[in-house]
Structure formats: structure tokens, C-alpha cells
Amino acid sequence: NAGVMQNPRHLVRRRGQEARLRCSPMKGHSHVYWYRQLPEEGLKFMVYLQKENIIDESGMPKERFSAEFPKEGPSILRIQQVVRGDSAAYFCASQQYFGPGTRLTVL
Amino acid sequence: AQKVTQAQTEISVVEKEDVTLDCVYETRDTTYYLFWYKQPPSGELVFLIRRNSFDEQNEISGRYSWNFQKSTSSFNFTITASQVVDSAVYFCALSVPGYSSASKIIFGSGTRLSIRP
């Protein structure tokens with residue numbers, strides 16, 4: 001994964017709870033991409049962020065999902081009021097290098 | 001719009017056979033990048049190769065080789081003398097440089113490769 005870090009690796013939430021996924025890009029990189037992989041599918045782009053800026057959020061669902069990349073600290077992908085359909089693997093990337101992913105399971 | 005098609009959903013071969021994974025891409029841009037990734041059962045995404053659109057030279061890395069043909073918009077991946085450890089889902093992907101020379105990657109749907117002992 002070339003230094004891209006994600007945590008937690010596994011996250012279990014009940015319907016209606018909030019999920020927070022964190023990503024630290026490769027050292028020296030100031031931008032991250034978030035992707036979602038639904039079960040048995042390929043990865044789909046969600047959002048591209050630079051420090052303190054959302055550059056492209058064309059792949060983000062319009063409701064319940066948000067992302068930020070503050071000046072200090074990791075990028076956060078937040079899913080509010082999770083539903084079973086949010087169960088997926090969420091990957092972040094620095095250019096072509098991907099983190100290990102967070103597997104979200106919604107009960 | 002950009003698109004990547006991996007028509008082979010699943011492939012199963014016996015160990016030591018050669019296997020080729022097909023990838024066809026669509027883009028109107030003249031500058032783009034093509035990728036292959038491996039996703040083993042553990043779930044992580046392993047970067048295998050990146051090729052830019054101006055470099056049509058085929059590449060070989062050990063048992064892996066890639067054939068890039070602009071004329072047919074294809075970027076096929078061959079594993080020679082396959083091994084059980086090659087069993088994984090393989091994704092072909094495309095990106096087009098954008099803002100600040102960074103850009104999102106568009107993935108194909110993947111090919112599940114099973115190598116039987």
C-alpha cells in the first residue's frame with residue numbers, strides 16, 4: 001500500500017449509527033481519493049480532496065455521506081445514519097497507491 | 001466519458017498454464033494512464049503496473065507481461081506458468097490527468113482468476 005494508512009480496518013455499525021473512516025495519505029502527499037467497493041463489484045470513485053478542499057465529489061451519494069481533509073490530521077469519510085446498503089469496502093488512495101481499506105458492515 | 005471493460009468475469013485454469021486477462025478501454029483523451037491491480041482474497045489492492053498512453057512498448061516483469069495496443073484500445077495482461085498464488089481478482093483501470101495532474105481512476109468490473117493445483 002506504499003504508505004497509505006487507513007483505520008479502522010473493520011468497522012461494524014447498526015443501522016442508524018454513524019461511521020467514520022480515516023485515511024492518511026503517503027508522506028508528502030496532500031491529496032486523497034476515496035473509493036467504494038460494493039460486494040462482488042469493482043471500485044467506484046467517490047471523492048477527491050486536497051488539504052482543506054474538496055476538488056471533485058461527483059461520486060459521493062448526495063445524502064448522508066461527507067468527506068473532509070483538514071489541515072492537520074487524516075482525511076475523514078463520514079457516513080451518517082448508515083443503512084445495510086452502505087456495507088462495503090472503502091479504500092483511499094494517494095495517486096495509484098491504495099490503502100488496505102476499511103470493511104464496513106452494517107447490521 | 002471514460003470506460004473500462006473486462007469481458008471475462010471468471011477464468012479457471014490449471015496450474016502452470018498461461019492465462020491472458022483482457023481489458024478494453026474507452027477515452028477520447030490522447031493522454032491517459034492504464035493500470036492493472038491484483039486483489040487477493042485478503043482484500044487489499046496490489047498495484048501491478050501503470051502505463052502511459054505514449055508508451056506502447058510491451059512490458060515483462062517475471063511471469064507477468066502486458067500488451068498495450070492503442071489501435072484496438074486494449075491493455076491485456078498475461079500470466080505465464082500460473083501458480084495457485086496468482087488466484088485473485090484482477091482489475092484493469094484508466095485515469096485521465098486532470099486538475100494538478102492528479103485524477104480519479106476508473107475501474108473495470110474485474111476478472112476473477114482461479115488457478116487449480
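The values are calculated or read from the model by the stated rules, or taken from the named source; none is laboratory data. Model, not experiment: these values are computed from the prediction. When we count neighbours, we look across all protein chains shown, and the Cβ atoms used for this are built from the backbone with ideal geometry, even at glycine. Just so you know, the surface numbers come from the protein's heavy atoms only, side chains and all, with ligands and any DNA or RNA stripped out. Shrake-Rupley method; radii C 1.70, N 1.55, O 1.52, S 1.80 Å.
Take peptide B:107-114, look around each residue's Cβ out to 10 angstrom, count Cβ atoms belonging to other protein chains, and average those counts.
2
Please state the equivalent ellipsoid semi-axes for chain B: what are the square roots of 5 times the Cα gyration tensor eigenvalues, largest first, in whole Å? Show your work: numbers first, answer last.
Values: eigenvalues 125, 43, 30 Å².
Taking √(5λ) for each Cα gyration eigenvalue gives 25, 15, 12 Å.
Need one number: buried accessible surface between chains A and B, 1.4 Å probe, both sides summed, DNA, RNA and ligands left out, in Å² to 100. Don't skip to the end; give the middle numbers.
Details: alone 6170 and 6620 Å², together 11270 Å².
Protein heavy atoms only, the A-B interface buries about 1500 Å².
Residues with amide H under 5 Å of residue B:15's amide H, sequence separation 5 or more or different chain, H placed in the peptide plane at 1.01 Å from N; which?
Counting only residues 5 or more places away or on other chains, the set is B:116.
Quick one: compute the contact order of segment A:1-102, relative version, from alpha carbon pairs under 8 angstrom and 6+ residues apart, as a percent. Kindly include the intermediate steps, with their values, before the conclusion.
Working: 233 pairs, mean separation 39.5, N = 102.
Reported as a whole number, the value is 39 percent.
How large is the dipole of chain B about the Cα centre if only Lys and Arg carry +1 and Asp and Glu carry -1, each at its Cβ, rounded to the nearest 20 debye?
Working: 11 positive and 12 negative charges, 44 e Å.
Here chain B has a charge dipole of around 220 debye.
Which whole-Hz couplings ³J(HN,Hα) result when phi for each residue of segment B:80-86 is put into the Karplus expression 6.51 cos²θ - 1.76 cosθ + 1.60, θ = phi - 60°, listed in order with x for Gly and Pro?
Each residue's phi maps through the Karplus curve to give 9, 6, 4, 10, 4, 5, 7 Hz.
Per 5 Å bin, what is the whole-percent P(r) computed from every C-alpha pair distance within segment B:49-117?
That works out to 3, 13, 21, 23, 19, 12, 5, 2, 1, 0, in percent per bin.
About the Cα centre, and with charges only on the beta carbon of Lys, Arg (+1) and Asp, Glu (-1), how big is the dipole of chain A? Nearest 20 debye, please. Mind showing how you got there, number by number?
Working: 16 positive and 10 negative charges, 77 e Å.
Its charge dipole is roughly 380 debye.
Just list whichever of A:44/B:70; A:44/B:3; A:44/B:38; A:62/B:104; A:27/B:3; A:27/B:104 have alpha carbons separated by over 23 Å in the model shown. Spell out each step's value before the answer.
Working: A:44/B:70 25 Å; A:44/B:3 12 Å; A:44/B:38 16 Å; A:62/B:104 19 Å; A:27/B:3 31 Å; A:27/B:104 19 Å.
Listed pairs above 23 Å: A:44/B:70; A:27/B:3.
For segment A:18-30, in order, what is each residue's ³J(HN,Hα) by Karplus, 6.51 cos²θ - 1.76 cosθ + 1.60 with θ = phi - 60°, in whole Hz (x at glycine and Pro)?
After applying 6.51 cos²θ - 1.76 cosθ + 1.60, I find 9, 10, 10, 10, 10, 9, 10, x, 4, 4, x, 8, 10 Hz.
Work out the FRET efficiency for residue B:116 and residue A:80 from their Cβ-Cβ distance, taking R0 = 41 Å, and round it to the nearest 0.05. Mind dumping the intermediate values first?
Working: r = 45 Å, r/R0 = 1.10.
Plugging the Cβ-Cβ distance into 1/(1 + (r/R0)^6) gives 0.35.
Starting from a Cα-only point model with no solvent, please compute log10 I(q)/I(0) by Debye for the protein assembly as shown at q = 0.15 1/Å.
Result of the Debye calculation: -1.01.
Calculate the tail of P(r) for segment B:15-59: the fraction of all Cα-Cα distances greater than 11 Å, expressed in %.
Values: 759 of 990 pairs.
Considering segment B:15-59, 77 percent of its Cα-Cα pairs are separated by more than 11 Å.
Whole angstrom only: what separates the Cα centroid of segment A:22-38 from the Cα centroid of segment B:22-53?
Taking the Cα centre of segment B:22-53 as reference, the centre of segment A:22-38 is 18 Å away.
Just how large is the dipole of segment A:1-43 about the Cα centre, in debye to the nearest 20, putting +1 at every Lys and Arg Cβ and -1 at every Asp and Glu Cβ? Before the final figure, lay out each step's value.
Details: 8 positive and 3 negative charges, 54 e Å.
For segment A:1-43, the charge dipole is close to 260 debye.
Scan chain A and report its longest stretch carrying no trypsin sites (Lys or Arg not before Pro) that are both in a DSSP loop and have at most 15 other Cβ atoms within 10 Å.
Details: sites that count: A:9, A:14, A:15, A:27, A:51, A:62, A:64, A:71.
It runs A:72-107.
So what are the ³J(HN,Hα) numbers for segment A:81-87, from phi and the Karplus equation (6.51, -1.76, 1.60; θ = phi - 60°), rounded to whole Hz, Gly and Pro as x?
6, 4, 10, 4, x, 7, 4
At a threshold of 8 angstrom on Cα-Cα distance, excluding pairs fewer than six apart, so keeping six or more, what relative contact order does chain B reach in percent?
Details: 281 pairs, mean separation 43.7, N = 117.
Normalised by residue count, the contact order of chain B is 37 percent.
List the pair-distance distribution P(r) of segment A:3-107, using every Cα-Cα distance, as the percent of pairs falling in each 5 Å bin from 0 up to the bin containing the longest distance, rounded to whole percents.
Result returned by the calculation: 3, 14, 26, 27, 19, 9, 3, 0.
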